[in-house]
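What follows draws every value from the coordinates through simple rules; no lab data is involved. Fair warning: this is a prediction, and the values are worked out from it, not measured in the lab. Methodologically, a virtual Cβ is constructed for each residue, glycine included, from the backbone with ideal geometry; neighbour enumeration extends over all protein chains shown.
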Amino acid sequence: FLSTQGALSVDLVCVGKKGYNYFRKRKACIIASYNEFHGKYADEAVNALVAVLSGLFLSGKADKIYLAYTKFTSSSRQAPCVDTFLNLEASVGKDVDYLIEPDSATVLTELIATFINAKMRTVLLDAFISEHSSRVMAMGEATDNAKELLEELVLLRNKVRQASITRDIMEIVSAAEALKG
């Protein structure tokens, strides 16, 4: 996504240590970083994040705000996704006149704020569930590999023990035959 933006200036707000460290090493312009989630949703942190992003957009420092995250599809499939977060486009028919109470500005302000918080919550929860699902899959595979390795080691131990017993029996039989001699 960043490479498709070409000559446009892209500023980043990073959520999480991995993204922050990745872009910091590449000298990207990081204007804010949120590392306090630790894979758990927190309303306070989300409200602060939404406030920063909304402030950037409303102040004119950002023309558009995009969210890049991992979208959860299933436990074995997560897909990278980039969605527009701010620069909402409204399409209102000019021929229709709606009666809105208390007034359209107040209703839209509350609806947009609710929508933005819900969108951010959805994105973060998608990313968190993708991360946890990947960890569960990795731990499951590690457990299966450990069980397989344990079975191989038990089999090897039994073969070595059997070979030792066979060697001891052969020595005893050879000694007995030598004494008969």
Inter-probe distance in nm under a simple model that places probes 7 Å from Cα toward Cβ, at residue 115 and residue 31 = 2.2
In this model, which of 25/64; 25/61; 71/147; 159/180 are farther than 29 Å apart at the alpha-carbon?
-> 71/147; 159/180
Within 10 Å, count the other beta carbons around each residue, average over each peptide in 153-165, 12-24, and list them highest first.
-> 12-24, 153-165
Would you please report the Å³ per residue occupied by the convex hull of the alpha carbon atoms in the range 24-127?
-> 162
Return the inverse of the average 1/r over all pairs of distinct C-alpha atoms in the chain, which is the Kirkwood hydrodynamic radius, in Å to one decimal.
-> 22.0
Output the antiparallel fraction of DSSP beta bridges having both residues in the chain, as a percent to the nearest 5.
-> 70
Heads up, the range 1-72 by the C-alpha gyration tensor (a ≥ b ≥ c square roots of eigenvalues; a/c under 1.5 rounded, else a/b over b/c prolate, else oblate) looks oblate
For the residue 1, residue 108 Cβ pair and Förster radius 41 Å, calculated FRET efficiency rounded to 0.05 is 0.90
Which of the DSSP-defined H helices in the chain satisfy a minimum axial length of 18 Å, computed from C-alpha atoms, and a minimum mean Kyte-Doolittle hydropathy of 1.0?
-> 43-58
When the chain is treated as a GNM, springs tying every alpha-carbon pair under 10 Å, which of 139, 120, 170 comes out with the largest mean-square fluctuation?
-> 170
